[in-house]
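Here's the structure, in structure tokens; my notes come after.
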Amino acid sequence: MFLPVSPTAGPLERLWHVVFSGLCLAIFAFLILPLVIVVPLSFNAEAYFTFTREMLSLSPEAFSLRWYRELFTNPQWAAAFRNSLFVAVGATLIATTLGTVAALGLAKLKPALRASVMILLLSPMIIPIVIVAAALYFFFTAIGLAQTLTGLILAHAMLGAPFVVTTVLATLSGFDWNLVRAAASLGAGPVHTFRKVTLPAIAPGVISGGLFAFITSLDEVVVVMFLASVDQRTVPRQMWSGIREQLSPTILAAATLLIVASFLLLLFAEMIRRRNEAARASTYKD
């Protein structure tokens, strides 16, 4: 089994270990298998959403890259990829900047006040996304930002900022504020102190939060449906339109690329987290 058991465990504890491990494995399979099935189907040579007899027999003729070529040769899909990357990068930059500044301010507040402000900042993660999208639509319509890329970037930045706030705050929990005071006592200004002292220390949290904000923007579809025009479709919006209007395995190819991109970004974020923990451990050891 994949979970360790104590050598001194009794029969009932060993039985519970087996049952619990099997339950964890079943939950893991339930969550992962739908994603795994999408990947081979995206290489289907035929325009089907099911495994053909030739695919099950692993015939080379049953597999093709035609749907991936369709992604980059079809003008609609190519425009959707460009829009997704443009919006995600812009939203990530704004969310990372605002989230980092907010986290630095929250870290200096008293715990009671910090908790109240955190509830407000994390509200985009708590409130149902449909309500957020509807509210943004009416607000952006009133100020003239509805159906614009600027409005879409700001909306996605609002959705991604809470991730940056939480990750940076977690990093600041182990930050030694005496370093900031020491830099100030030596004549360093606030900006110079932030660049040379604070930012290098919290960089893992900032990068991790930015990656989560990027993934959130890349995957978001409800707000796009409310705010984007026909020419501003992102990849998730194009996938939704493809399911309703023109069913094609190109959707599976796009889903596979999003899965791979999300996995790589999360893997990178985990590497940064482990590197930060190792650096902290070595610091405390010294």
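The values are calculated or read from the model by the stated rules, or taken from the named source; none is laboratory data. Treat the numbers as computed from the prediction; the structure is a model and nothing was measured. Note that each Cβ is placed from the backbone with ideal geometry, even for glycine, and that neighbours are counted across all protein chains shown.
Among the candidates Thr141, Thr167, Thr148, single out the residue that is closer than 23 Å to Pro204 by Cα and polar (S, T, N, Q).
Criteria check complete, one pass: Thr167.
Selection of segment 215-225 for residues being surrounded by fewer than 22 Cβ atoms within 10 Å (Cβ to Cβ) and not aliphatic (A, V, I, L, M) yields only Asp219. Filtering segment 155-178 to residues that are exposed (fewer than 14 other Cβ atoms within 10 Å of the Cβ) and either assigned to a helix (DSSP H, G or I) or of a type in the set (Lys, Arg) (or both) leaves only Asn178.
Among the residues of segment 25-62, those identified as over 15 Å from Thr256 (Cα atoms) and touching a Phe, Trp or Tyr at 6+ places or on another chain (Cβ under 8 Å) are Leu25, Ala45, Met55. Residue under question is Ala183, and the condition is that it be part of a helix (DSSP H, G or I) and modelled with pLDDT under 85; does it hold? The answer is yes for Ala183. The residues of segment 38-75 that are surrounded by 13 or more Cβ atoms within 10 Å (Cβ to Cβ) and part of a helix (DSSP H, G or I), listed by number, are Val38, Val39, Pro40, Leu41, Glu54, Met55, Ala62, Arg66, Trp67, Tyr68, Glu70, Leu71.
Scanning segment 240-251 for residues that are crowded, with 21+ Cβ neighbours inside 10 Å and part of a helix (DSSP H, G or I) yields Thr250, Ile251. A single member of Leu145, Leu136 is within 30 Å of Asp231 (Cβ to Cβ), at pLDDT below 90, surrounded by 18 or more Cβ atoms within 10 Å (Cβ to Cβ) and over 20 Å from the mean Cα position of the chain (by Cα), and it is Leu145. Suppose the filter is crowded, with 18+ Cβ neighbours inside 10 Å, outside any loop (DSSP other than H, G, I, E, B) and without any contact (Cβ under 8 Å) to a residue 24 or more places away in the chain; does Thr193 pass it? Here the answer is yes, as Thr193 does meet what is asked.
Can we say Thr92 is under 13 Å from Leu169 (Cα atoms), touching a residue at least 12 places away in the same chain (Cβ under 8 Å) and part of a helix (DSSP H, G or I)?
No.
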